[in-house]
Amino acid sequence: GKSGYEHYMLKEIHEQPRALRQAISGRIDEFATSVDLDVALPEEYLRSVDEIQIVACGTSYHAGLYAKGLLEPHADVRVTVHLASEYAFTEDRDPWRTLVVAITQSGETADTLSALRDASRAGARTLALTNTLGSTVTRDADDTVFIRAGPEIGVAATKTFVSQVATAALLTVHLGQVRDTLTSEAATELLESLRDLPGAVQQVLDREATIKRAAETYTDSEAFFYIGRQAGYPVALESALKLKEISYDHAEGFAAGELKHGPLALVTPDTPVIAILTEEAAAEKTIHNVKEVESRGAPVIGVTSDPVTTDVASTFEIPSCGPLEPVVANVALQLFAYHVANEKGRPIDKPRNLAKSVTVE
Ligand code: M6R
């Protein structure tokens, strides 16, 4: 059942600290220096990989974009992220040096399964990141890593997104260690961030009332823009998807730097802009974009762990949490989406036209 929550989505948002603890449980050593992820693909093979192709849809695709930002620098490997429905294994790739990673909560998404089969047929090795034991993807892929989020009933993916990113961070450390590309400082920084994540997420959940109040002031808005850079960009895309699917309002996520190349024309006093201000150097640049939209009269909400230097009129303060801080920002914006939609009386767990698991191409 819903354990007293009004919707499964809200219950699942609140389950995130636990889901994250499960995702890392037994997988990080006590000194936060190494991981034990039980990856069956041979280490010799993992060392020879020169490109990882991630295939996924929807929220899982956003987790894939986040994963790219972790894997590329730390595992020193080229990562391309593909919408599964647009994927094709191309001849210019050496299948022996290409690892295709399917990210899929359900393990049953037709587009993702078909992309994976295409890669297998071409001779590439495949790895699944999934939440679902016994799902089709676990049979199709050469190897599986479970995200351990527990069952997710709400159509809107919430806890499975954060668990996918956490598992991608573990995979990053595993690959970085096998490939000898990860410094011990970077390993510790990532693993400490992972260990801090459940507590940081809990602190955001404890501030739900503030986020709910903010959401209530925006229920008349019909278009919302989300901007971010680096990992803040996939979080902007994911937060916009969450809002549009459950509230039916128009919402778009943009790379903050792209605003002035077109979308800025849409910005008016009626379009709230939510700025993900994580990762210091990225946040400093995004603040310039915040000024641009503020001068067009748009109300701005900045999501930040540093509201003092940020200097935005309205902020959601989140605890700082190292490289995974954008995940914490995402949780604040899940709650925002939920409360905007709930204020409008939308059927949050079963939005019109959508299914939890999309088994047709
Ligand atoms: O089960 P999957 O992760 O493969 O599902 C992919 C998408 O259908 C899914 O992430 C969808 O975008 C979310 N339910 C949206 O909240």
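Please treat every number below as a calculation from the coordinates, not as lab data. All values reported here derive from a predicted model rather than from experimental measurement. For neighbour counting, all protein chains shown are included, and Cβ atoms are generated from backbone atoms with ideal geometry for every residue, glycine included.
Restricted to the range 215-278, the set of strands (runs of 3 or more DSSP E) holding at least 3 residues that are basic (K, R) and within 16 Å of the ligand (Cβ to nearest atom) is empty. Can you pull out the residues in the range 342-352 that are of a type outside the set (D, E, K, R), out of contact with any His (no Cβ under 8 Å at 6 or more places or on another chain) and more than 12 Å from the ligand (Cβ to nearest atom)? Across the range 342-352, the qualifying residues are G345, P347. When you check A84 against the structure, is it touching a strand residue (DSSP E or B) at 6+ places or on another chain (Cβ under 6 Å), surrounded by 21 or more Cβ atoms within 10 Å (Cβ to Cβ), within 20 Å of H174 (Cβ to Cβ) and in contact (Cβ under 8 Å) with a residue 12 or more places away in the chain, yes or no? For A84, the condition - touching a strand residue (DSSP E or B) at 6+ places or on another chain (Cβ under 6 Å), surrounded by 21 or more Cβ atoms within 10 Å (Cβ to Cβ), within 20 Å of H174 (Cβ to Cβ) and in contact (Cβ under 8 Å) with a residue 12 or more places away in the chain - is not met. Just one of (1) touching a strand residue (DSSP E or B) at 6+ places or on another chain (Cβ under 6 Å); (2) among the aromatic types (F, W, Y); (3) within 16 Å of the ligand (Cβ to nearest atom) fails for F146. It is (1). Looking across the range 257-281, the residues that are free of Cβ contacts under 8 Å to residues at least 40 places away in the same chain and out of contact with any Gly (no Cβ under 6 Å at 6 or more places or on another chain) come down to G257, E258, L259, K260, H261, G262, P263, L264, A265, T268, E280, A281. In the range 190-211, is there at least one residue being in contact with a His (Cβ under 9 Å, 6 or more places away or on another chain), closer than 15 Å to T315 by Cβ and not basic (K, R)? Checked against the condition, which is being in contact with a His (Cβ under 9 Å, 6 or more places away or on another chain), closer than 15 Å to T315 by Cβ and not basic (K, R), the range 190-211 yields at least one hit. For the range 313-348, a residue qualifies if it is part of a loop (DSSP other than H, G, I, E, B) and surrounded by fewer than 18 Cβ atoms within 10 Å (Cβ to Cβ), and the qualifying residues are A313, P319, S320, K344, G345, P347. Looking only at residues of the range 134-152 that are without any contact (Cβ under 8 Å) to a residue 40 or more places away in the chain, within 17 Å of Q164 (Cα to Cα) and surrounded by fewer than 20 Cβ atoms within 10 Å (Cβ to Cβ), we find that the one that is nearest to the chain's Cα centre (by Cα) is F146.
Would you confirm whether or not the range 295-314 contains a residue that is of a type in the set (S, T, Y), under 22 Å from H62 (Cβ atoms) and touching a residue at least 60 places away in the same chain (Cβ under 8 Å)?
Taking the range 295-314 and keeping what is of a type in the set (S, T, Y), we get 295, 304-305, 309-310, 314.
With the extra rule that they be under 22 Å from H62 (Cβ atoms), the set shrinks to 304-305.
Right, trim to touching a residue at least 60 places away in the same chain (Cβ under 8 Å) and you get none.
For the range 295-314, residues of a type in the set (S, T, Y), under 22 Å from H62 (Cβ atoms) and touching a residue at least 60 places away in the same chain (Cβ under 8 Å): absent.
Screening R121 on (1) within 14 Å of the ligand (Cβ to nearest atom); (2) surrounded by fewer than 18 Cβ atoms within 10 Å (Cβ to Cβ) shows it passes everything except condition (1).
Matching residues to (1) charged (D, E, K, R); (2) over 21 Å from P42 (Cβ atoms); (3) buried (at least 21 other Cβ atoms within 10 Å of the Cβ):
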residue	(1), (2), (3)
V100	no, no, yes
T104	no, yes, yes
G107	no, yes, yes
R117	yes, yes, no
T126	no, no, yes
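Inside the range 29-44, can you point out the residues that are assigned to a loop (DSSP other than H, G, I, E, B), surrounded by 13 or more Cβ atoms within 10 Å (Cβ to Cβ) and not β-branched (V, I, T)? The answer is A32, S34, L37, L41.
Would you confirm, using the coordinates I've provided, whether E91 is acidic (D, E) and either within 16 Å of the ligand (Cβ to nearest atom) or not in a helix (DSSP H, G or I) (or both)? Don't jump to the end; show me each part of the working.
On the way: acidic (D, E): yes; either within 16 Å of the ligand (Cβ to nearest atom) or not in a helix (DSSP H, G or I) (or both): yes.
Considered against the rule, which asks whether it is acidic (D, E) and either within 16 Å of the ligand (Cβ to nearest atom) or not in a helix (DSSP H, G or I) (or both), E91 comes out as yes.
Every listed requirement among (1) out of contact with any strand residue (DSSP E or B) (no Cβ under 7 Å at 6 or more places or on another chain); (2) under 19 Å from V178 (Cβ atoms) is met by G58 save one, (2).
Go through the range 132-206 and tell me which helices (runs of 4 or more DSSP H), entirely inside it, have 3 or more residues that are farther than 24 Å from T98 by Cβ and not aromatic (F, W, Y).
159-178, 184-206
If I filter the range 64-81 for residues that are away from the ligand (no atom under 15 Å from the Cβ), touching a residue at least 12 places away in the same chain (Cβ under 8 Å), in contact with a His (Cβ under 8 Å, 6 or more places away or on another chain) and within 30 Å of M9 (Cα to Cα), do I get at least one hit? No, the conditions are met nowhere in the range 64-81. Taking each residue of the range 91-120 that is under 12 Å from A141 (Cα atoms) and free of Cβ contacts under 8 Å to residues at least 24 places away in the same chain and looking for partners that are part of a loop (DSSP other than H, G, I, E, B) and within 16 Å of the ligand (Cβ to nearest atom) with beta-carbon atoms closer than 9 Å, six or more apart or interchain, yields S120/A141. Residue pairs whose Cβ atoms lie under 7 Å apart, sitting 6 or more positions apart in sequence or on different chains, and linking a residue in the range 226-250 that is more than 15 Å from F336 (Cβ to Cβ) to a partner that is in a loop (DSSP other than H, G, I, E, B) and of a type in the set (A, V, I, L, M, F, W, C), do not occur here.
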